[in-house]
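For reference, the structure discussed in these notes is given below.
The values are calculated or read from the model by the stated rules, or taken from the named source; none is laboratory data. Quick caveat: nothing in here was measured; it's all calculated off a predicted structure. When we count neighbours, we look across all protein chains shown, and the Cβ atoms used for this are built from the backbone with ideal geometry, even at glycine. For accessibility, only protein heavy atoms count, side chains too; no ligands or nucleic acids. Shrake-Rupley method; radii C 1.70, N 1.55, O 1.52, S 1.80 Å.
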Amino acid sequence: MARTFALKRGYCHIDDENLMISMSDQPYKVKNPKVNFQRVFFGAIFVLSVVFLVQALNGAQKAMVIFYGFAAGIVGLNLLLNWNKNNDTCIPVKDVSCIEYKPAGSLTNDFFLVKYVSNGRKKQRILMLHRSIRGNKKELEKIKKHLSTVSDIDCNDAKTK
């Protein structure tokens with residue numbers, strides 16, 4: 001029987017073999033996307049900003065050079081920092097190496113960072129919790145209990161794996 005909890009967008013289902021993320025509250029209605037649309041979108045924006053930067057450099061438009069250079073830098077940094085994060089919707093439990101809990105900041109909800117290895121590559125998946133869970137210690141402990149069946153939460157040796 002799958003254990004289920006609400007995420008910011010959708011639900012997380014945990015069974016003996018997989019950790020699944022779905023828009024449905026019913027387990028096993030999960031499809032794994034083939035393309036990381038966020039990476040494709042920001043990659044296209046990065047390429048366009050570099051093209052416009054080169055055009056602005058050729059035209060010697062100082063303000064546009066600064067604007068497109070700044071835009072390319074921000075989008076490039078976003079791509080670099082989020083390169084190993086993905087949108088996998090089905091993660092085998094055996095591949096999970098660590099789960100880290102990150103409490104809510106001033107602008108974010110609480111979330112869990114699932115670290116795992118897929119096809120020899122280290123990957124990460126963010127499980128952003130629903131806003132209603134903020135401050136609800138009973139519900140948060142229930143979610144931690146569900147996730148602790150997959151892997152240790154807040155493991156200290158996360159950097160060594």
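For the reader, a short list of remarks on this structure follows.
- Verdict on residue 103 being open to solvent by less than 50 Å² (accessible area, probe 1.4 Å), out of contact with any helix residue (DSSP H, G or I) (no Cβ under 8 Å at 6 or more places or on another chain) and not small (Gly, Ala, Ser): no
- Filtering the range 73-86 to residues that are open to solvent by 40 Å² or more (accessible area, probe 1.4 Å) and either touching a helix residue (DSSP H, G or I) at 6+ places or on another chain (Cβ under 7 Å) or among the aliphatic types (A, V, I, L, M) (or both) leaves 74, 77, 78, 80, 81.
- Failed condition for residue 27, given (1) surrounded by 12 or more Cβ atoms within 10 Å (Cβ to Cβ); (2) at pLDDT below 80; (3) out of contact with any Ser or Thr (no Cβ under 7 Å at 6 or more places or on another chain): (3)
- Filtered residues of the range 92-146 (kept if among the charged types (D, E, K, R), over 14 Å from residue 14 (Cβ atoms) and assigned to a strand (DSSP E or B)): 100, 102, 115, 121, 122, 123
- When each of 128, 64 is tested for being open to solvent by 40 Å² or more (accessible area, probe 1.4 Å) and at pLDDT 85 or above, the lone residue that passes is 128.
- Number of the exception - residue 70 against (1) under 30 Å from residue 134 (Cβ atoms); (2) at pLDDT 85 or above; (3) open to solvent by 100 Å² or more (accessible area, probe 1.4 Å): (1)
- Test result for residue 8, modelled with pLDDT under 80 and under 30 Å from residue 147 (Cβ atoms): no
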